[in-house]
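Peer 1: Here's a structure for you.
Bear in mind these aren't lab numbers, they're just calculated from the coordinates by the rules spelled out. Keep in mind that this is a model prediction, so the values were computed, not measured. Here the Cβ is made from the backbone with ideal geometry for all residues, glycine too, and neighbour counts use every protein chain on show.
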């Protein structure tokens, strides 16, 4: 179903395309763009996104439910955009391990199509659209550098270990984006997300925080993979979205790669206990070996922390939403969704 936005209402507004706009990060971005007064087109096949994440009806929103490779060729020559945010991608360790071919092809083939489209659908026929390519901290692979800096070497396992296919595919996306910038002058920005969390994130594909929150609300054991000593930095999506909008609108950021996230470390075992404490739950962590969670030979990093010097210097970025607030808001979202579907809200 395609819903056309009102052209009159957005005559003086930015025209923005968001791929994956019904997903977790994408839907928060769409909300912020509409609040800014933009005319927004969303393309999402709803493989992991949810139609309910974005407005059913809005005069400045057009929603196209389709695979990106099918939707872009059908766009009219007059469909021109000042900004494009490419967030459509395979997400979640579980999904990537279960569907490796789909994940690799989605990440690379769709990015190829999107970048070619962006070159010819900018504000004028001669100008490409400013384009943000969403990448991932996974591109650092199993590097032992700490913290990860944008110019660090990337270290991957062998091609026989499917766990690294996602990292490689996102690295190819970055190479493609920067090559288009060099060869065609396309104004691109690459954002490497580090453990973005918040309301609307679901645990279906292995996302740790919503799974922990749901277990704590139900009073179940909180599943912690490995020994729980691995450490991560979690950043609320409501801090991340304004930052990527500023990155794309700042001329000095064009043609560059930026880490984006928090740099406050917490171990996964400590996170499980923190979730239970914040929600007043009696749930306790339960350790699950990696080979039972993901299969034999799964590798994970002990520490993943971004160096945020570059993004702080560029746009003054600082994460401001406390983790405890994020935990409570995810719990509220879960309870609201349960009530809306006719289930019982949990304690």
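Peer 1: Could you please rank 86, 121, placing first whichever residue has the fewest other Cβ atoms within 10 Å of its Cβ?
Peer 2: Starting with the residue having the fewest Cβ neighbours, the order is 121, 86.
Peer 1: When the Kirkwood radius is taken over all Cα pairs of region 215-310, what Stokes-Einstein diffusion coefficient follows at 4 °C and 1.567 mPa s, in µm²/s?
Peer 2: Taking Rh from Cα pairs, D becomes 82 µm²/s.
Peer 1: How far, in nm, would the chain grow between residue 338 and residue 159 when pulled straight, counting 0.36 nm per residue and subtracting the alpha carbon separation?
Peer 2: On the way: separation 179, 0.36 × 179 = 64.44 nm, distance 4.11 nm.
Full-extension gain reported as 60.3 nm.
Peer 1: For all pairs of alpha-carbon atoms in region 1-158, what percent lies in each bin of width 5 Å, listed from the first bin to the last filled one?
Peer 2: 2, 9, 17, 20, 19, 14, 9, 6, 3, 1, 0
Peer 1: Next question, about the same structure. Ignoring everything except DSSP H segments at least 4 long, calculate the 222 nm mean residue ellipticity for the chain; use -39,500 (n - 2.57) per segment, divide by total residues, nearest 500.
Peer 2: Taken over the chain, the calculation gives -11500 deg cm²/dmol.
Peer 1: Among 215, 243, 161, whose mean-square fluctuation peaks in a Gaussian network model of the chain (Cα, cutoff 10 Å)?
Peer 2: Looking only at 215, 243, 161, the largest GNM fluctuation is found for 161.
Peer 1: Take the Cα gyration tensor of region 183-260, multiply each eigenvalue by 5, square-root it, and list the three semi-axes largest first, rounded to whole angstrom.
Peer 2: One finds semi-axes of 34, 13, 10 Å for region 183-260.
Peer 1: Under a GNM of the chain (C-alpha, springs under 10 Å), which listed residue has the highest mean-square fluctuation: 141, 206, 261?
Peer 2: 206
Peer 1: Here is a follow-up. With a cut-off of 8 Å between alpha carbons and a minimum separation of six or more residues, what is the relative contact order of the chain in percent?
Peer 2: Details: 688 pairs, mean separation 54.2, N = 347.
Once divided by the residue count of the chain, the mean separation gives 16 percent.
Peer 1: Next up: Dimensions of region 134-284 along principal axes (Cα, Å, largest first)?
Peer 2: Its Cα atoms span 57, 38, 27 Å along the three principal axes.
Peer 1: Could you work out how far helix 208-218 tilts from the main Cα principal axis of the chain, as a 0 to 90 degree angle to the nearest 10?
Peer 2: Approximately 50 degrees, to the nearest 10.
Peer 1: Just want the ordering: 140, 156, from fewest to most Cβ atoms lying within 10 Å of their own Cβ. Don't skip to the end; give the middle numbers.
Peer 2: Working: 140 26, 156 18.
Exposure proxy ranking, most exposed first: 156, 140.
Peer 1: If eta is 1.567 mPa s and T is 4 °C, what Stokes-Einstein diffusion coefficient results for region 47-89, Kirkwood Rh from Cα pairs, in µm²/s?
Peer 2: For the chosen part, D equals 104 µm²/s.
Peer 1: How much space per residue, in cubic angstrom, does the convex hull of the C-alpha atoms of the chain take up?
Peer 2: Convex hull of Cα atoms, per residue: 131 Å³.
Peer 1: Taking springs between alpha-carbon atoms closer than 10 angstrom, which of 50, 274, 302 fluctuates most in the Gaussian network model of the chain?
Peer 2: Sorting by GNM fluctuation, first place goes to 302.
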